[in-house]
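Only one structure is covered here, and it is reproduced in the block below.
The values are calculated or read from the model by the stated rules, or taken from the named source; none is laboratory data. Only a predicted model underlies this, so the values are computations on that prediction, with no experimental measurement involved. A quick note on method: Cβ atoms are made from the backbone with ideal geometry, for glycine too, and the neighbour counts reach across all protein chains shown.
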């Protein structure tokens, strides 16, 4: 049977028993959930037992690539993971630019990998077409995630796709992440710790197969059309020259960036290249080379007092090598400082007289303590939730803004400061996995202010937002012209579609995409004729599936709480900077979000009718048996 667009197989690996088997994909099920992220979530729903300890052998690591991966579609390289996250016990997903990894996995013949169990020693998983092997990783264990990539490429050469973890994952730091080939983070909320709990250092893959296209002529015409639009884009040269800095010019002067830019790197098939190789030209770290998903990541240490960009670059590299989430690391250290300064912990407990964020050597040592769970680093390595619980009521006022156990890293209270209230901020509260960029990345309101409604509606059309929904979104409420609650259904929906397809969500390439285009590409690629409306329905299905998976873990409206400090002074403003977003307005928007999703407003969860309408009958019956509907 031809499997146009799909590799057609799922790889199953049990690290405890050593069992490896190749299962034929259920193509009807793949199409129902599109593939990629959607099918990852379906596999997680069906196979992760509710209540599973995230760091137990019974938890699963599921890695998936969508149907567009490995094709000529510009930017089709995005890889997704799903697991139960140790940071907040949610069934959560992570996405990362796949560099070579996504295409190599697909060319090996697999759409998804399911990994369970725990190896009795450090291992890595080698996937070279049908040559799949659990290999000894003794020489890699204890190394940083980038050093692990280099070690594997020394053994196997190139091309080679690698997903690896650093020492933080090995030591089960609850916010440790995975990295794809040094550049892309994947799995915010603890994927790295889950892999570490399984003694799984890395996954290395190389494939020699290909992807079959149902209608090659139609598919090529569509792809050629996208490339033609990209070539005609007036800002293309600036995007290629400055990368993400082109969208965030206030991070650092462009001329300073050009001084340290060594090269730009792209995922397979991306004509823009949004990743950076930086080289420090002077000072203490002269000659140091940094690989990063974007140079703007280097600005975070500056927000906490490290004002030299070269020093910030080196500090960020240390975090990345350990596999530490930089937002959580800095946020927790800042919280520890606040606890010490307000007498909630002593110098003996902390192990020092406070933490000097302006001193490089101090931060380097604290990052080591976090990654190796040394001293007070062991306390902080469990994340915000356990720290807040450990030190009792009354310390929340000293904590940064937290949602679902993770730092709400963007908002009026920073560390990435945004003065307007957008689907980014709303999504950090309502998505089960917690703070992440997914709800904001495709919204026209993300990092823009005060644009005309007509411009916004153009993006709504591109995202496939139905006209009646646009009317509800643009209906004035409390003097606010854009209902962020209702929009927060659709901004993530578009990115969930991209996640299922495998197409990129970053603005540099995503701006050339649309729901209509993705439906046409999918139809030509798979031979499964699909309209934009059907694609939207599939994405709605995936969003609801994620929610019901977390209903079984106990999540409901009680967990969708806005950080209290968002409602102090200053407060967020609406998109046109005319109305302050009070607590009353924010929670009215929360009700509107539930209403737009077709969920029970009081419970904050899908209704049986919504699930049945989305062809989630099996899931609805499962929830009914558990007394959750």
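I need the strands (runs of 3 or more DSSP E) fully contained in the range 141-188, keeping only those with at least 3 residues that are touching a helix residue (DSSP H, G or I) at 6+ places or on another chain (Cβ under 7 Å).
Here the list reads 161-164, 178-180.
Being modelled with pLDDT of 95 or more, crowded, with 17+ Cβ neighbours inside 10 Å, within 23 Å of residue 401 (Cα to Cα) and not assigned by TED's automatic domain parsing to the domain that holds residue 196: is that true of residue 382 here?
In short, yes.
Within the bounds of the range 444-459, is there any residue that is surrounded by 22 or more Cβ atoms within 10 Å (Cβ to Cβ), in contact with a helix residue (DSSP H, G or I) (Cβ under 9 Å, 6 or more places away or on another chain) and part of a helix (DSSP H, G or I)?
no
Out of everything in the range 189-229 that is assigned to a helix (DSSP H, G or I) and in the same structural domain as residue 138 (by TED's automatic domain parsing), what residue ends up being nearest to residue 170 (Cα to Cα)?
Within the range 189-229, the match that is nearest to residue 170 (Cα to Cα) is 196.
I'd like the full set of residues that are in contact with a strand residue (DSSP E or B) (Cβ under 7 Å, 6 or more places away or on another chain) and part of a strand (DSSP E or B), limited to the range 553-602.
Selection gives 573, 580, 599.
Which one of the conditions (1) under 26 Å from the mean Cα position of the chain (by Cα); (2) surrounded by fewer than 19 Cβ atoms within 10 Å (Cβ to Cβ) does residue 133 fail to meet, given that it meets all the rest?
Tallying (1) under 26 Å from the mean Cα position of the chain (by Cα); (2) surrounded by fewer than 19 Cβ atoms within 10 Å (Cβ to Cβ), residue 133 fails exactly one: (1).
Name the residues in the range 514-550 that are free of Cβ contacts under 8 Å to residues at least 60 places away in the same chain and within 19 Å of the chain's Cα centre (by Cα), would you?
Residue satisfying the conditions is 543 alone.
Check off (1) farther than 20 Å from residue 619 by Cα; (2) touching a helix residue (DSSP H, G or I) at 6+ places or on another chain (Cβ under 9 Å) for residue 558 and give me the number that stays unchecked.
(2)
Could you give me the residue pairs with C-beta distances under 6 Å whose first residue belongs to the range 302-314 and is in the same structural domain as residue 282 (by TED's automatic domain parsing) and surrounded by fewer than 21 Cβ atoms within 10 Å (Cβ to Cβ), whose second residue is in a loop (DSSP other than H, G, I, E, B) and at pLDDT below 90 wherever it lies, and which are 6+ apart or on separate chains?
Note: pairs meeting the criteria are 303/415.
Name every residue in the range 461-489 that is under 19 Å from residue 427 (Cα atoms), without any contact (Cβ under 8 Å) to a residue 40 or more places away in the chain and in a helix (DSSP H, G or I), in order of residue number.
470, 473
Given the conditions (1) modelled with pLDDT under 95; (2) assigned to a helix (DSSP H, G or I), and given that residue 367 satisfies all but one, which numbered condition is not satisfied?
Status for residue 367: all satisfied but (1).
Could you pull out the residue among 355, 318 that is under 30 Å from residue 258 (Cα atoms), at pLDDT 95 or above and either outside the structural domain of residue 165 (by TED's automatic domain parsing) or surrounded by fewer than 20 Cβ atoms within 10 Å (Cβ to Cβ) (or both)?
After ruling out the rest, the residue left standing is 318.
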